[in-house]
Amino acid sequence: VGASLRERWLAFRNRWLADSRFQEWATRFPLTRPIARRRTRELFDLCAGFVYSQVLLATVRLGLLERLREGPVEPAALAHEGVLDEAGSERLLRAAAGIDLVEALPDGRYALGALGAALLGSPGVGAMVLHHELLYEDLADPVALLRGDVPEARLGAYWSYAGAASPAELPPEDVAGYSSLMEASQGFIASQVLDAYEVARHRHLLDLGGGTGTFAAAAARRAPDLRVTVFDLPAVADRARTRFRAAGLDARCDARGGDFLAEPLPRGADLVSLVRVVHDHDDEAALALLRQVRAALPATGRLLLAEPMADTPGGEAAGATYFGLYLLAMGSGRPRTRPELEALLAHAELEVCSEPRTAIPLLVRVLVARPATAADSA
Ligand SMILES: C[S@@+](CC[C@H](N)C(=O)[O-])C[C@H]1O[C@@H](n2cnc3c(N)ncnc32)[C@H](O)[C@@H]1O
């Protein structure tokens, strides 16, 4: 009854919303006008999103935000510095002001805007903006992508492990690009995960798919007695080892190279983390990975699963829309809701015991799970 009531309501509402005469009336009628304005704005943003992204790309590529960090500029100054000619500079600065990357001052100069300043504070975002050039090539024909008719997706090649028959044999040059991008965007993720869950209560952390060790090093710094092992593809693990040595952490942090789907995981850790890893894999591989985790964990051990999720209130567009299409272009994986992750975990005999809150759930959420047969509490 609930479903059919809802469907009847949707049919009723949508008939009105799709009626151009109703739209006209709603725009004129004072009580519905604010809603009409908001809906128009939302629809306009959906239609124009690509243009906003390309304005953002231009500001990042031209180093405009770094330039504004030094102080407000006028378009002529940018022209003088050879960034763009004066007309191009003016056009870009006004466009960037429209989306809060910069802010127009009354005297014709432009200062850094609120979003531009925030972007400068998170260098990972700038790296993602540049990286999106590949994604947008793959998305040029979204229907072809959805039909699986983009066999040479640029993201598929970039994320070389996605779909690789023997990922453990990937050479260093094939993992360098994505490893640097992950490093650039990991700092903020690591602090949120480590604020949400206290790793110091554990003895030994195994960070699966831990990349070049950014999260592992942050965990080791938080918990001075924690031992940390990164497990990743051999070419990536080499980079993690180098990082640990350079940071003077190699007494407590090491890295093992291998394929986490094809070989037994190192034993002895009482905490296993999967940070931005499960969503990379289709259900079958994700389940195989979780079963590996289950086999490696002692009865009192814990799994820390951290990634953006598809059902985050207010973050659905980032989860289902952005990551849904991103991972499709990459060639494997999908963003999952918490119930979907719980179902996968249950199949691997792992049960969620808590979801400690992170500061920005849109970017990363954390599930803590334990072996389903363990008798103790979280
Ligand atoms: C999206 S990245 C996340 C890296 C890191 N955890 C982070 O959040 O920055 C996924 C990682 O999983 C690793 N990976 C993918 N397939 C793997 C496999 N079969 N065996 C071991 N590592 C793998 C990749 O090399 C990569 O470092």
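Worth pointing out:
- Within the option set Ala296, Ala285, Ala262, being within 15 Å of the ligand (Cβ to nearest atom) and within 25 Å of the chain's Cα centre (by Cα) holds for one residue only, Ala285.
- Residues that are out of contact with any Gly (no Cβ under 9 Å at 6 or more places or on another chain) and more than 9 Å from the ligand (Cβ to nearest atom), drawn from the range 244-257: Arg245, Ala246, Gly248, Asp250, Ala251, Arg252, Asp254, Arg256
- Matching residues, the range 230-254, being over 20 Å from Arg276 (Cα atoms) and of a type in the set (A, V, I, L, M): Ala246, Ala247, Leu249, Ala251
- Subset of the range 312-328 [more than 16 Å from the ligand (Cβ to nearest atom), of a type outside the set (A, V, I, L, M, F, W, C) and out of contact with any Gly (no Cβ under 7 Å at 6 or more places or on another chain)]: Pro313, Gly314, Gly315, Glu316, Thr321
- Matching helices (runs of 4 or more DSSP H) fully within the range 102-169 where at least 3 residues are farther than 15 Å from Val60 by Cα and within 16 Å of the ligand (Cβ to nearest atom): 154-158
- Per the conditions (1) surrounded by 17 or more Cβ atoms within 10 Å (Cβ to Cβ); (2) modelled with pLDDT of 95 or more; (3) aliphatic (A, V, I, L, M); (4) within 30 Å of Leu78 (Cα to Cα), the sole criterion not satisfied by Val175 is (4).
- The listed residue being within 30 Å of His132 (Cβ to Cβ) and part of a helix (DSSP H, G or I), out of Ala3, Ala11, Ala48, Ala36: Ala48
- Number of the condition not met by Gly331 [criteria: (1) closer than 30 Å to Gly148 by Cβ; (2) touching a Pro at 6+ places or on another chain (Cβ under 8 Å); (3) within 15 Å of the ligand (Cβ to nearest atom)]: (2)
- Residue list for the range 228-252, filter: surrounded by fewer than 17 Cβ atoms within 10 Å (Cβ to Cβ) and closer than 12 Å to Ser179 by Cα: Asp238
- Residue in the range 231-243 that is more than 15 Å from the ligand (Cβ to nearest atom), in a loop (DSSP other than H, G, I, E, B) and under 27 Å from the mean Cα position of the chain (by Cα) present: no
- The combined condition, being free of Cβ contacts under 8 Å to residues at least 24 places away in the same chain and surrounded by 13 or more Cβ atoms within 10 Å (Cβ to Cβ), is not fulfilled by Arg147.
- Any hit, the range 181-190, residues being farther than 27 Å from Leu305 by Cβ and of a type outside the set (Gly, Ala, Ser): no
- The range 177-218, residues that are within 13 Å of the ligand (Cβ to nearest atom) and part of a loop (DSSP other than H, G, I, E, B): Gly209, Gly210, Gly211, Thr212, Gly213
- Sole residue being more than 28 Å from Gly126 (Cα to Cα) and surrounded by 17 or more Cβ atoms within 10 Å (Cβ to Cβ), chosen from Val199, Val193: Val199
The values are calculated or read from the model by the stated rules, or taken from the named source; none is laboratory data. This one's a predicted model, so the numbers in the text were calculated from it and none came from an experiment. Counting neighbours? That spans all protein chains shown, and the Cβs are built from the backbone with ideal geometry, glycine included.
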